[in-house]
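Below is one structure, written out as structure tokens; comments come after it.
The values are calculated or read from the model by the stated rules, or taken from the named source; none is laboratory data. What you see is a predicted model, and the numbers here were worked out from it, not measured in a lab. Ideal geometry is used to build each Cβ from the backbone, glycine not excepted, and the neighbour counts take in all protein chains shown. These accessible areas exclude ligands, DNA and RNA; they are computed on the full protein's heavy atoms, side chains included. Shrake-Rupley method; radii C 1.70, N 1.55, O 1.52, S 1.80 Å.
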Amino acid sequence: MSAVAFIKSLISGLIIGLTAIVFSISFTAIIYAGELAPFLSRGIGLTLAGAAVMAVVGAFTLSYRGIIVQPQDVTALILSLAAASIAGNWQSAAHDGLFATIAVLVAVATAATGLATFIFGRLRIGHIVRFIPYPVLGGFLAATGYLLVIGAIGMTIGDTVSIRSAGALFEPGNPEKWAPWIVAAVLFYVAVKRVQHGLVLPACFVAAVLLFYGALWFLSVDQAAAQARGLLLGPFEEADLYASLDPGLLFRARWDIVVAQLPSILTVIGMATIGALLNVSGLELATGEDIDPNRELRGVGIANLAASAFGGMVGYHLISQTLFAKALGITGRAAGISVALVTVAVLFLGTIYLSVLPIGVFAAVIAFLGIDLLVTWLWVERRRLPLRDFLVVVLILAVAATLGFLEAIAVGILAASTLFIVAYSRVDVVRLKTTGARKQSGIERGQRDLKIVLERGDRAAIYELSGYLFFGTAHRLVSEISKDSAAQSKEFVLVDFRRVQGIDASAAFALRRLVQLCAAANVTLIFCGLSDRLSQTLDRAGISAESSPPLFFQHLDEALEIVEDKLLLGAAERDDGELGAGFLDELRKTAQSLDPFELFRVFDVPEGEVVIEQGDEADSILLLVNGVLRVEYVRGDGGKIPVAKILSGAVVGEIGFYTGERRTAQVIAEKDCRLMEISKRKLAELEESHPGLVSSVHRIAAANLASRLSRAMALLRDADV
């Protein structure tokens with residue numbers, strides 16, 4: 001590396017490190033504010049030590065080596081709320097115990113987050129972020145922005161701020177403490193948005209410090225007076241920052257109070273996991289690199305576990321500094337190591353220098369982050385979100401401002417659940433609604449039987465369901481079936497559950513009501529495709545115990561076969577002669593003097609014999625005079641899949657006969673059969689002597705195909721409704 005390149009890397013690393021330190025100190029100042037302000041220097045020492053470890057570990061564990069892992073604002077904010085609650089209720093005179101309790105709370109939250117994210121990564125559930133409703137996430141972030149802003153104001157006046165205590169902002173001496181820094185935060189925001197460069201925020205920080213001291217000079221206020229007014233960080237204890245790394249904190253802390261903050265710790269874990277995954281998605285898009293979210297979770301987990309040993313704060317990917325380092329040409333592990341080196345230097349040498357920094361400039365950085373979140377979710381995203389979703393964002397923000405952040409999270413989860421229930425209840429779980437006239441079983445019947453099924457098939461309503469049945473969707477389903485059955489005088493209702501993933505208890509009881517309604521209307525109700533789990537749910541609801549329970553079939557096709565048989569039995573008495581006469585009658589009408597049994601080959605096939613081999617040339621049409629045939633598809637591994645059953649009077653193989661394709665399945669005699677073969681060769685011989693007969697064969701076959709196509713098109717129309 002040349003001297004120029006080395007110097008550039010050194011300066012770039014220094015800038016990145018100092019910027020990261022500004023964030024770390026700012027987040028620490030949120031926690032150690034108000035009554036906890038005397039412990040700020042010790043808190044900074046723990047935070048910087050953890051941040052240094054976190055940066056190094058992240059450089060060696062994450063999939064994209066240039067990522068910088070550091071403490072984060074959202075988790076710091078949640079911990080600050082817990083810390084303020086502890087400080088407000090602290091009754092012991094042992095103030096060192098108070099600091100130890102807060103320090104241990106932070107370390108435990110960091111360790112718990114590290115363990116949880118590592119486990120999440122091992123379980124490969126990095127995609128969990130995709131299941132968080134967008135408006136709920138936006139509401140959380142907007143609430144975070146609000147709390148960052150009021151937290152920043154509280155830092156400047158040395159007190160906790162909320163809507164209830166807003167009057168304190170205008171007490172004598174307070175406006176000049178917070179108002180200039182909020183203005184500075186707004187200017188920071190404008191500058192960063194106007195000038196897209198990584199050096200803008202550090203430059204704003206330096207400019208704010210210079211303007212602050214310029215104002216002190218102009219007002220003839222010396223450093224001691226500024227310190228006395230609470231305008232500067234500190235005053236710090238004389239011990240160095242690293243002196244706060246005291247294992248004795250573990251023994252002086254009130255562990256019962258730490259355990260009582262479990263809800264806050266769980267919230268930190270959740271927000272850290274979400275934040276890490278969101279930042280991974282953002283970095284993947286910004287860098288053009290493929291980043292494994294599960295490996296990132298494991299890396300973040302290891303980094304937090306290591307940082308917790310030094311009392312560090314919860315952290316994950318720092319997008320701004322990572323992209324800043326990339327823009328400066330610092331890639332790979334050098335980015336994290338640069339941050340760690342500068343952080344360690346400040347940890348050992350920084351007390352003197354930190355005491356001259358205005359606390360307001362750190363408050364301005366925090367407020368800048370809050371303003372960015374508020375503008376994003378209350379203005380920018382407002383134009384992208386539907387009104388209902390935007391109102392959820394506003395609701396969560398309002399709850400956070402009036403009741404609290406944890407309450408806002410609860411409201412957000414409730415709002416998300418309500419939105420989901422309302423939206424999902426509008427989803428039609430009926431995948432296909434049709435009748436037995438359009439959707440038949442896999443049984444190929446003769447022309448007369450088929451005609452009866454087509455004429456009477458509308459008496460059987462078929463509902464194919466999909467998705468998840470809960471009280472909202474089940475109630476709609478029951479109402480729809482009841483209404484249709486009453487209006488259209490149905491005799492059979494078939495409900496197919498094959499594509500249903502689950503049924504809740506409320507839906508099961510709604511289906512029980514359907515059973516009762518069908519029994520009262522003398523409608524035969526049939527349930528098909530129920531898994532063992534779904535059957536158990538319905539049994540617990542008492543459906544099987546009803547006086548007229550539904551019929552149960554494993555497959556819809558089996559139920560359709562039974563329904564078709566009942567429809568045929570209910571029809572007028574059929575001809576006792578040959579069931580294949582429908583096809584033969586058509587031929588005889590054309591040439592009354594001709595006997596098809598004499599013109600075409602008729603042969604018998606014993607039970608179990610193969611009639612058509614899969615893959616054979618389709619050079620003939622077969623008419624099943626009597627008997628039963630079974631159609632099977634033979635897989636490459638030799639396994640067989642049942643396709644259809646063919647009854648007397650049905651025509652076999654006409655599709656391949658006209659398309660020229662080879663046989664797509666094998667046909668086996670399930671019982672002793674008699675068949676008539678109409679071959680291409682025989683039709684060619686009869687073409688000159690009996691052209692009318694040949695034309696009739698083609699016409700009848702075409703009519704069969706057209707009827708089948710018409711039923712298929714009607715079924716498609718039903719599915720598209």
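Within the stretch 122-134, is even one residue more than 23 Å from PHE310 (Cα to Cα) and over 17 Å from the mean Cα position of the chain (by Cα)? Taking every residue of the stretch 122-134 in turn, at least one turns out to be more than 23 Å from PHE310 (Cα to Cα) and over 17 Å from the mean Cα position of the chain (by Cα). Name the one entry in VAL206, VAL149, VAL186, VAL136 that is closer than 24 Å to LEU395 by Cα and either touching a Ser or Thr at 6+ places or on another chain (Cβ under 9 Å) or modelled with pLDDT of 85 or more (or both). Answer to the selection: VAL149.
Give the residues of the stretch 546-555 that are within 11 Å of VAL515 (Cα to Cα) and open to solvent by 80 Å² or more (accessible area, probe 1.4 Å), sorted by residue number.
Taking the stretch 546-555 as the starting set, the residues that turn out to be within 11 Å of VAL515 (Cα to Cα) are 546-551.
Across the stretch 546-555, the qualifying residue is only SER547.
If I filter the stretch 71-115 down to residues being out of contact with any strand residue (DSSP E or B) (no Cβ under 8 Å at 6 or more places or on another chain) and not in a helix (DSSP H, G or I), which single residue comes out as most open to solvent (accessible area, probe 1.4 Å)? Restricting to residues being out of contact with any strand residue (DSSP E or B) (no Cβ under 8 Å at 6 or more places or on another chain) and not in a helix (DSSP H, G or I), the top hit is GLN91. Screening the stretch 549-625 for helices (runs of 4 or more DSSP H) wholly inside it with 2 or more residues that are at pLDDT below 80 and more than 19 Å from LYS451 (Cα to Cα) returns the ranges 581-590.
Results for (1) without any contact (Cβ under 8 Å) to a residue 40 or more places away in the chain; (2) under 30 Å from TRP255 (Cα atoms); (3) out of contact with any strand residue (DSSP E or B) (no Cβ under 6 Å at 6 or more places or on another chain), shown as yes or no for each residue.
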{"residue": "THR267", "(1), (2), (3)": "no, yes, yes"}
{"residue": "ASN294", "(1), (2), (3)": "no, no, yes"}
{"residue": "LEU297", "(1), (2), (3)": "no, yes, yes"}
{"residue": "VAL300", "(1), (2), (3)": "no, yes, no"}
{"residue": "LEU305", "(1), (2), (3)": "no, yes, yes"}
{"residue": "PHE310", "(1), (2), (3)": "no, yes, yes"}
{"residue": "VAL314", "(1), (2), (3)": "no, yes, yes"}
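Summed over the stretch 21-40, the residues that are more than 16 Å from GLY360 (Cα to Cα) and either open to solvent by 10 Å² or more (accessible area, probe 1.4 Å) or modelled with pLDDT of 90 or more (or both) give a count of 3. GLN196 meets the conditions (1) modelled with pLDDT of 90 or more; (2) not in a helix (DSSP H, G or I) in every case but one. The failed one is (1).
Answer yes if at least one residue in the stretch 128-149 is over 22 Å from VAL411 (Cα atoms) and part of a helix (DSSP H, G or I), and no otherwise.
We begin by selecting, within the stretch 128-149, every residue over 22 Å from VAL411 (Cα atoms); these are none.
Looking through the stretch 128-149, none of the residues is over 22 Å from VAL411 (Cα atoms) and part of a helix (DSSP H, G or I).
Among all positions in the stretch 154-163, there is at least one residue which is out of contact with any strand residue (DSSP E or B) (no Cβ under 7 Å at 6 or more places or on another chain), closer than 17 Å to ILE78 by Cα and in a helix (DSSP H, G or I).
Checked against (1) open to solvent by less than 70 Å² (accessible area, probe 1.4 Å); (2) among the polar types (S, T, N, Q); (3) not in a helix (DSSP H, G or I), GLN227 meets all criteria but (3).
Has the stretch 161-181 got any residue that is under 38 Å from the mean Cα position of the chain (by Cα), at negative phi and surrounded by 12 or more Cβ atoms within 10 Å (Cβ to Cβ)? Reasoning before the result, please.
At the first step, the residues of the stretch 161-181 found to be under 38 Å from the mean Cα position of the chain (by Cα) are 161-164.
Still in the list and also at negative phi: 161-164.
Next, from what is left, pick out any that are surrounded by 12 or more Cβ atoms within 10 Å (Cβ to Cβ): 161-162.
Yes, that holds for at least one residue.
Across the stretch 382-408, the number of residues qualifying as of a type outside the set (Phe, Trp, Tyr) and in contact (Cβ under 8 Å) with a residue 12 or more places away in the chain comes to 16.
I'm trying to understand the selection: among the residues of the stretch 53-67, which are within 17 Å of LEU347 (Cβ to Cβ) and either assigned to a loop (DSSP other than H, G, I, E, B) or open to solvent by less than 10 Å² (accessible area, probe 1.4 Å) (or both)?
Step one: of the stretch 53-67, the residues within 17 Å of LEU347 (Cβ to Cβ) are 53-57.
Those that are within 17 Å of LEU347 (Cβ to Cβ) and either assigned to a loop (DSSP other than H, G, I, E, B) or open to solvent by less than 10 Å² (accessible area, probe 1.4 Å) (or both): MET54, ALA55.
Residues of the stretch 458-475 that are among the aromatic types (Phe, Trp, Tyr) and not in a strand (DSSP E or B): PHE470, PHE471. For the stretch 335-353, the count of residues that are part of a helix (DSSP H, G or I) and under 21 Å from VAL149 (Cα atoms) is zero. When VAL493, VAL478 are checked against the criterion of being without any contact (Cβ under 8 Å) to a residue 40 or more places away in the chain, assigned to a helix (DSSP H, G or I) and surrounded by 14 or more Cβ atoms within 10 Å (Cβ to Cβ), a single residue qualifies: VAL478.
Name the one entry in LYS483, LYS451 that is under 19 Å from LEU569 (Cα atoms) and either open to solvent by 70 Å² or more (accessible area, probe 1.4 Å) or without any contact (Cβ under 8 Å) to a residue 40 or more places away in the chain (or both). Full working, then the answer.
Numbers: LYS483 fails: under 19 Å from LEU569 (Cα atoms).
Being under 19 Å from LEU569 (Cα atoms) and either open to solvent by 70 Å² or more (accessible area, probe 1.4 Å) or without any contact (Cβ under 8 Å) to a residue 40 or more places away in the chain (or both) holds for just one of LYS483, LYS451, which is LYS451.
Within the stretch 410-442, the set of residues being within 28 Å of VAL495 (Cα to Cα), of a type in the set (Gly, Ala, Ser), within 22 Å of the chain's Cα centre (by Cα) and surrounded by 14 or more Cβ atoms within 10 Å (Cβ to Cβ) comprises just one member, SER425. Please list, ordered by first then second residue, the pairs with beta carbon atoms under 7 Å, 6 or more apart or interchain, first in the stretch 692-711 and at pLDDT 80 or above and among the aliphatic types (A, V, I, L, M), second open to solvent by 50 Å² or more (accessible area, probe 1.4 Å) and assigned to a helix (DSSP H, G or I). Pairs that qualify, where the first residue is at pLDDT 80 or above and among the aliphatic types (A, V, I, L, M) and the partner is open to solvent by 50 Å² or more (accessible area, probe 1.4 Å) and assigned to a helix (DSSP H, G or I), are LEU693/THR590; VAL694/GLU687. Pairs are defined by a Cβ separation below 8 Å, a sequence spacing of at least 6 or placement on different chains, a first member in the stretch 530-542 that is polar (S, T, N, Q), and a second member that is open to solvent by 90 Å² or more (accessible area, probe 1.4 Å); the pairs so defined are SER535/PHE552. Can you spot a residue in the stretch 164-184 that is among the small types (Gly, Ala, Ser) and closer than 29 Å to ALA276 by Cβ? The answer is no; no qualifying residue exists.
In this entry, ILE543 passes the filter for residues that are assigned to a loop (DSSP other than H, G, I, E, B), at negative phi, buried (at least 16 other Cβ atoms within 10 Å of the Cβ) and modelled with pLDDT of 85 or more.
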